[in-house]
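Student: My questions will all concern the structure given below.
The values are calculated or read from the model by the stated rules, or taken from the named source; none is laboratory data. In this text the structure is predicted, and so the values were computed from the model without any measurement. Here the Cβ is made from the backbone with ideal geometry for all residues, glycine too, and neighbour counts use every protein chain on show.
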């Protein structure tokens, strides 16, 4: 398992060759913001939405085209209405498309925070398992993004049943769970929500955006680029994924812009 390094980035070639020309597509990937009224709020002077606000501000500063929030955006479904409203306003004001994958802390249940807070009504936000079943397509950007939302608090396979690649140039997969390397797969260190090298490879995606770990890390065998972004309050960074006109996938870590 390799630590994610920032300045130069890691360069991959796209799984799909395409002769169409266009400008670079930029994705900002983060996870585990854990918007709450308790632990995270205490870290930020009582502001439990600070991590989300900072991540979105960083995405704007990086000229992101799409933001990926890969699980546990909220710490739990008991977050107060006032905090939900502030988070919803931050998402609505971001000025960017945001794709959210519900995680094990904020699953896409019938009584979820997503529906209680009417976050599904924000036009610029797609919530897998709520507004979209598994796939969100952005035709103008030539990309489709897919993932399996946590729909309850039970075990599930984050990268199960990868969809075939469509006609879009780019495909990105989202998964919220624990990566287990080959040496511990037979006797995993974690009990559930497991992700293996084979599961990552089976996606055939240009980038696999992972959540559930507070720290940033590159995982898998390297054939398909798969990265944890880590939580902004722990890693201090987000992942910037640049999908270039030449078919390259360039991944770097960029510092979070916290409010002063």
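Student: Checking residue 174 against (1) surrounded by 14 or more Cβ atoms within 10 Å (Cβ to Cβ); (2) more than 19 Å from residue 78 (Cβ to Cβ); (3) without any contact (Cβ under 8 Å) to a residue 12 or more places away in the chain, only one condition comes out false. Which one?
Tutor: So the condition that residue 174 fails would be (3).
Student: Which one of the conditions (1) within 15 Å of residue 258 (Cβ to Cβ); (2) in contact with a strand residue (DSSP E or B) (Cβ under 9 Å, 6 or more places away or on another chain); (3) at pLDDT below 95 does residue 3 fail to meet, given that it meets all the rest?
Tutor: Status for residue 3: all satisfied but (1).
Student: Would a scan of the range 118-129 turn up a residue that is in a loop (DSSP other than H, G, I, E, B), modelled with pLDDT of 95 or more and crowded, with 17+ Cβ neighbours inside 10 Å?
Tutor: Checking the range 118-129: at least one residue is in a loop (DSSP other than H, G, I, E, B), modelled with pLDDT of 95 or more and crowded, with 17+ Cβ neighbours inside 10 Å.
Student: While we're looking at this one, here's another question. With the requirement that a residue be surrounded by fewer than 21 Cβ atoms within 10 Å (Cβ to Cβ), outside any helix (DSSP H, G or I) and free of Cβ contacts under 8 Å to residues at least 60 places away in the same chain, what does the range 79-116 give you?
Tutor: Scanning the range 79-116 gives 80, 95, 96, 97, 109, 110, 111.
Student: Looking at the range 246-260 only, could you name the residues that are more than 18 Å from residue 230 (Cβ to Cβ) and over 18 Å from the mean Cα position of the chain (by Cα)? Talk me through it step by step, then tell me what you get.
Tutor: Step one: filter the range 246-260 for residues more than 18 Å from residue 230 (Cβ to Cβ), giving 246-250, 259-260.
Of everything in the range 246-260, those that are more than 18 Å from residue 230 (Cβ to Cβ) and over 18 Å from the mean Cα position of the chain (by Cα) turn out to be 246, 247, 248, 259, 260.
Student: Which of (1) at pLDDT below 95; (2) under 18 Å from the mean Cα position of the chain (by Cα) does residue 186 not meet, given it meets every other one?
Tutor: Of (1) at pLDDT below 95; (2) under 18 Å from the mean Cα position of the chain (by Cα), only one is false for residue 186: (2).
Student: Please determine whether any residue of the range 56-67 is assigned to a helix (DSSP H, G or I), touching a helix residue (DSSP H, G or I) at 6+ places or on another chain (Cβ under 7 Å) and either within 16 Å of residue 207 (Cβ to Cβ) or at pLDDT 95 or above (or both). Walk me through it before giving the result.
Tutor: Looking only at the range 56-67, we keep the residues that are assigned to a helix (DSSP H, G or I), and these are 56-61.
Keeping just the survivors that are touching a helix residue (DSSP H, G or I) at 6+ places or on another chain (Cβ under 7 Å) gives 56.
Now narrow it down to the ones that are either within 16 Å of residue 207 (Cβ to Cβ) or at pLDDT 95 or above (or both): 56.
Scanning the range 56-67 turns up at least one residue that is assigned to a helix (DSSP H, G or I), touching a helix residue (DSSP H, G or I) at 6+ places or on another chain (Cβ under 7 Å) and either within 16 Å of residue 207 (Cβ to Cβ) or at pLDDT 95 or above (or both).
Student: Yes or no: the range 189-200 includes at least one residue that is more than 25 Å from residue 105 (Cβ to Cβ) and in contact with a strand residue (DSSP E or B) (Cβ under 6 Å, 6 or more places away or on another chain).
Tutor: Here is the first cut: in the range 189-200, the residues more than 25 Å from residue 105 (Cβ to Cβ) are 197-198.
With the extra rule that they be in contact with a strand residue (DSSP E or B) (Cβ under 6 Å, 6 or more places away or on another chain), the set shrinks to none.
Among the residues of the range 189-200, not one is more than 25 Å from residue 105 (Cβ to Cβ) and in contact with a strand residue (DSSP E or B) (Cβ under 6 Å, 6 or more places away or on another chain), which makes the answer no.
Student: Hey, does the range 118-130 have a residue that's closer than 21 Å to residue 147 by Cβ and touching a residue at least 40 places away in the same chain (Cβ under 8 Å)?
Tutor: The answer is yes, given that some residue of the range 118-130 is closer than 21 Å to residue 147 by Cβ and touching a residue at least 40 places away in the same chain (Cβ under 8 Å).
Student: Determine whether residue 214 is surrounded by fewer than 20 Cβ atoms within 10 Å (Cβ to Cβ) and closer than 20 Å to residue 30 by Cα. Walk me through how you get there before you give the answer.
Tutor: Values: surrounded by fewer than 20 Cβ atoms within 10 Å (Cβ to Cβ): yes; closer than 20 Å to residue 30 by Cα: yes.
Against the criterion (surrounded by fewer than 20 Cβ atoms within 10 Å (Cβ to Cβ) and closer than 20 Å to residue 30 by Cα), residue 214 qualifies.
Student: Scanning for something modelled with pLDDT of 95 or more, touching a helix residue (DSSP H, G or I) at 6+ places or on another chain (Cβ under 8 Å) and either crowded, with 19+ Cβ neighbours inside 10 Å or under 22 Å from residue 33 (Cβ atoms) (or both), does the range 235-245 turn up at least one residue?
Tutor: Scanning the range 235-245, I find at least one residue that is modelled with pLDDT of 95 or more, touching a helix residue (DSSP H, G or I) at 6+ places or on another chain (Cβ under 8 Å) and either crowded, with 19+ Cβ neighbours inside 10 Å or under 22 Å from residue 33 (Cβ atoms) (or both), so the answer is yes.
Student: Quick check: is even one residue across the range 133-155 buried (at least 23 other Cβ atoms within 10 Å of the Cβ), in a loop (DSSP other than H, G, I, E, B) and in contact with a strand residue (DSSP E or B) (Cβ under 6 Å, 6 or more places away or on another chain)?
Tutor: yes
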